[in-house]
Every structure is written in structure tokens, then in C-alpha cells.
Amino acid sequence: MVVVFALVALAVVSVLVASNWYVWRRLFRDTTRGPGPVRRIGAVVIAGGWALAVGALVAERAGAPFWLQRVLAWPGFLWLAMSVYLLLAVLAGEVVRPLLLRFLTRRAAGRQAAPGPLRPPAADTKRIPAQTAPPRPAETAGTAETPEASGKAGDPKAPQAPEAPETAETAEAAGTPETPGSGDTAGGPPDSPLALPSRRLFVSRVVAGAAAAAAVGTVGYGTYGVLNGPTVKRVTVPLAKLPRAAHGFRIAVVSDIHLGPVLGRGFAQKVVDTINSTQPDLIAVVGDLVDGSVKDLGPAAAPLARLRARHGAYFVTGNHEYFSGAEQWVAEVRRLGLLPLENARTELPHFDLAGVNDISGEDDGQGPDYAKALGDRDRARACVLLAHQPVQIHDAVDHGVDLQLSGHTHGGQLWPGNLIAGAANPTLAGLERYGDTQLYVSRGAGAWGPPTRVGAESDVTVIELASRQA
């Protein structure tokens, strides 16, 4: 088992090293003419970003001082998101790179083939045989030559006429060959984007700049969406056993708030305000409320005391509560006015509301107990179950639950993470039916790790129960 774990760890590290070297190469090495400060800065940025990310994860799990967690969390977790989208953007650039290079090559070839400006015909430079040149006007007229003209050729004492500077036209007329490398085989000066030596460098810079801009824009927009607070989603769920009197009963479902070193008291207040604005009949907090101890995050969770619903607010544990001290948090949410359902059930006027602990509690002897929560209930009544993870649906089906409310998946949080989360869970997000039981999975209100969501908008869902008898 240890050998298998070591091999998996080695494979993961190898993939991370290779992918980061590839990103460094495309963003920094291929965009510079040679070794220099830009390449060194790029290596420091990438290596430093990963050092901060690992430090943030370790500090959170190890219970490091909260101030240190906050210092590491923002840059470290944001780098995790940036590294994902830098890699994806650079990979997408591999499609654009050959197309842009081909475009520039064809454009350069077209410029070479285009005719140049018309020039007047060159003077006749045919050689005249010796001793056959016509006499000079001065000789034929018998006039005296000027002192400059009387000098004999080759006489060092005789003054010589100044030579005219050689121009490109005279060199061309005289057939002077160009020096090697002085011409531009790509149709432009050597430093232009069309020149052969710099064309690939130009393309690399364009693609790298576009990739960096796309990654920064994606992460920035996704982070703004989280910090701005969840949106409200409304879903109607018909239940066959629900009496007519309960038709239209509204349950505000919120999961995965993830209060921690990044999302604090201000974010909790936004979530509370969003929930209260829906004026629900009942509030269900289905796990992963926090990432940290009551000592560090008690003040951040304080706004939960202002949750308001006619039939109260209920809470079940998620897997992150068991990383953060589940017993202490159960006591804390009870103090704030929420009602924890630890493998328990309460009978509301028109249906039963039950809750089970998260699967992660099994290691501490506090796992889900469906028999305790559901075993002796009247199955003629409709039953709504709060369970953090969607994989708990199969036990819910076995115990005749009508509707299970869950979270945990974040809807994938960062695309294409939805592919991984979808493979690990029976339902990624939304409403689905399993036999006679329906399952609704919320995308969650907050975010774990990077305070960023891409392709999985955060939400608070208002479930409106509908009676088929109505």
C-alpha cells in the first residue's frame, strides 16, 4: 500500500513539474531572445506561487496561527486558480500559434512578390573600347584645361575629383552584391514582425500575452462572482405524499459556505441577507460551513444568528466540519440559534425533516445512522432528508425518503473540475430522481481553496414543495 501511494505521489509531482515547466517555457523562455532577468523572474513567480499554495494548504490543515493562514491564503489559493487557467490558455494557444505563423508567412511572401515602384531607365553603362572615346569639349574647342583637369591619372600630386557617394541605386546599377544577411527573406527589416529571425518570437509573445490576459480575466471574474455573494435559485419539487396544506412550502437550502481565512464575517453577512430576502418557511444548512476552529472563526460565523424562518434553521455536518472540530461547531451553531440534526428527525406539521451526519464522521464514530434518524418514522408522511454528500442518496432510497437535500460538489467550482466532480458523485448539481426518491444538489454559496468559481455560479436555492393533491 505504501509503495502504491509513493508511486501515485511521484506521478502527481512529475505531472505538476512538467506542466509548470511547459508554462514557464511558453510564457517566458519562448518570448525572450536569450537568458536574462525575464526568464529568472518567471521561474521565481511560478515556483513562489506554488510555495505559497502549498503553504496555505498545510497551514490550514495543521491549524497554524490564523494570521499566518490569512497571509498565505489569498496569494496561495489564487495562484492555484491562476495555474489552472494559465495551463489551459497556453494549451489553447498551441492551436492559434501555427495559424498565426502561417498567416505572417503568407503575408511576407505576398509582399515579396508584389512589384516595386517604377524607376526611370538606368543610364547606358556599356563599356567603350580604349582609344575610341570622343574628345572632350575642351580639346575640340582648343580651350585651356583647368588646373584640376590637367592632372594626369595616377599622379599623386595632381588633385583628384571627389567621388560621389554610392547609393542603393548606383550599387544596384553597378551590380554590387549585397552582404550576406543584409536582405530580409521574410519581407521586412530584421526586427519587424515579418522578418524570419523574429517572426516566431513575435508569435510567441502574442500568444503568451493573450494566454496571460485570458487567465487573469477568468480568475478575476470568477473571484468577483464569489465575493459578490450567492444568487437565488428557485426550484419546484412535487412530492406525492405532501398534503394540500403544505403546497408552496419554501425551504432555503444553503451549503458549502466555507468560512475561513479568505471568506469571513462580511461574506457570512451577505449569505444571511440573501437567505432572509427569500422569506423562507425553513432554512437548511447542509454542511461545510467552515474551514477552521471555533476559536478562529467564531466571530465570522456570528451573523448566522440573524437567520430568520417561520419553522427555524437546521444544520447537518459536512466533511470539512470533521477537519475543523465537528463537536465544537455543532455546539456553536446551536448557540447561534440553528438546530443541529445529528442522525435525528423532527416532525413538522405536514412532513418529517431528518438529518444525518456526514460520511467523514465514521472515522470518529460519528458517521451517518439512517436507522436512528429514519427507522421508526411513519412512512405515510412525506420525508425530507438533509445529507451533505450526494452519494448518500442510495441509503435515502432504501429508507423511503421522498427528497434529499445535499451540497458538497460545488458544481465543480472551477471548470473543467466539473468533469472530476461529476464522475465522483451521482448528481453534480440540480434535481434528479432515483426511484421514488428525488435528490437536489446545491452548488454551494462559497468556495474552497481559491475564492473563485468558473462555470459553477454560487447559489442559495429556494425549494418550493408542491403537493400533487393540489
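The values are calculated or read from the model by the stated rules, or taken from the named source; none is laboratory data. Keep in mind the model is a prediction, meaning the values are calculated, not measured. Please note: Cβ atoms are built from the backbone with ideal geometry, for glycine as well, and neighbour counts cover all protein chains shown.
Hey, any hits in the stretch 64-87 for a residue that's in contact with a strand residue (DSSP E or B) (Cβ under 7 Å, 6 or more places away or on another chain), within 23 Å of V219 (Cα to Cα) and either surrounded by 13 or more Cβ atoms within 10 Å (Cβ to Cβ) or not assigned by TED's automatic domain parsing to the domain that holds R205 (or both)? Checked against the condition, which is being in contact with a strand residue (DSSP E or B) (Cβ under 7 Å, 6 or more places away or on another chain), within 23 Å of V219 (Cα to Cα) and either surrounded by 13 or more Cβ atoms within 10 Å (Cβ to Cβ) or not assigned by TED's automatic domain parsing to the domain that holds R205 (or both), the stretch 64-87 yields at least one hit. Taken over the stretch 41-60, the criterion of being closer than 28 Å to V206 by Cα and either in contact with a helix residue (DSSP H, G or I) (Cβ under 9 Å, 6 or more places away or on another chain) or among the aromatic types (F, W, Y) (or both) is satisfied by I41, G42, A43, V45, I46, A47, G48, G49, W50. Screening L239, L289 for residues that are in the same structural domain as H410 (by TED's automatic domain parsing) and touching a Gly at 6+ places or on another chain (Cβ under 9 Å) leaves exactly one candidate, L289.
Considering Q269, Q279, which residue is polar (S, T, N, Q), assigned by TED's automatic domain parsing to the domain that holds D358 and more than 32 Å from the chain's Cα centre (by Cα)? Let's see the steps before the verdict.
Working: Q269 fails: more than 32 Å from the chain's Cα centre (by Cα).
Among Q269, Q279, only Q279 is polar (S, T, N, Q), assigned by TED's automatic domain parsing to the domain that holds D358 and more than 32 Å from the chain's Cα centre (by Cα).
Selection of the stretch 422-456 for residues being within 16 Å of L263 (Cα to Cα) and of a type in the set (D, E, K, R) yields only R453.
Out of R265, R250, which single residue is over 21 Å from H388 (Cα atoms) and not hydrophobic (A, V, I, L, M, F, W, C)?
On the way: R250 fails: over 21 Å from H388 (Cα atoms).
Just a single option satisfies the conditions, and that option is R265.
Of all residue pairs spaced 6 or more apart or on separate chains, those with beta-carbon atoms under 8 Å, a first member in the stretch 201-212 that is part of a helix (DSSP H, G or I) and a second member that is surrounded by 16 or more Cβ atoms within 10 Å (Cβ to Cβ) and among the hydroxyl-bearing types (S, T, Y) are L201/T31; S204/T31; R205/T31; A208/T31.
If you go through the stretch 35-50 and pick out every residue that is surrounded by 14 or more Cβ atoms within 10 Å (Cβ to Cβ) and under 30 Å from S324 (Cβ atoms), you end up with 2. Screening V384 against (1) touching a His at 6+ places or on another chain (Cβ under 9 Å); (2) outside any loop (DSSP other than H, G, I, E, B); (3) crowded, with 24+ Cβ neighbours inside 10 Å leaves a single unmet condition, (1). Of the helices (runs of 4 or more DSSP H) that lie entirely inside the stretch 250-354, those containing 1 or more residues that are among the hydroxyl-bearing types (S, T, Y) and in contact (Cβ under 8 Å) with a residue 24 or more places away in the chain span 265-277, 321-324.
Among the residues of the stretch 456-470, just one is over 14 Å from the mean Cα position of the chain (by Cα), crowded, with 18+ Cβ neighbours inside 10 Å and in a loop (DSSP other than H, G, I, E, B), namely S458.
Okay, residues lined up against (1) at pLDDT below 50; (2) closer than 30 Å to R29 by Cβ; (3) part of a loop (DSSP other than H, G, I, E, B):
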{"residue": "P159", "(1), (2), (3)": "yes, no, yes"}
{"residue": "G181", "(1), (2), (3)": "yes, yes, yes"}
{"residue": "G229", "(1), (2), (3)": "no, no, yes"}
{"residue": "V237", "(1), (2), (3)": "no, no, no"}
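Under the condition of being of a type in the set (V, I, T) and farther than 18 Å from R308 by Cα, which residue from the stretch 232-253 is surrounded by the most Cβ atoms within 10 Å (Cβ to Cβ)? Top of the filtered list is V237. Of all the residues in the stretch 388-436, those that are in a strand (DSSP E or B), in contact (Cβ under 8 Å) with a residue 24 or more places away in the chain and over 29 Å from T218 (Cα atoms) number 4.
Taken as a whole, the condition of being in a helix (DSSP H, G or I) and closer than 25 Å to V290 by Cβ does not apply to G444.
Among the conditions (1) surrounded by fewer than 17 Cβ atoms within 10 Å (Cβ to Cβ); (2) within 19 Å of L201 (Cβ to Cβ); (3) among the basic types (K, R), R26 misses just one, which is (1). If you go through the stretch 432-455 and keep only what is more than 22 Å from L386 (Cα to Cα) and either buried (at least 18 other Cβ atoms within 10 Å of the Cβ) or of a type in the set (D, E) (or both), you end up with G449, P450, P451, T452, R453, V454.
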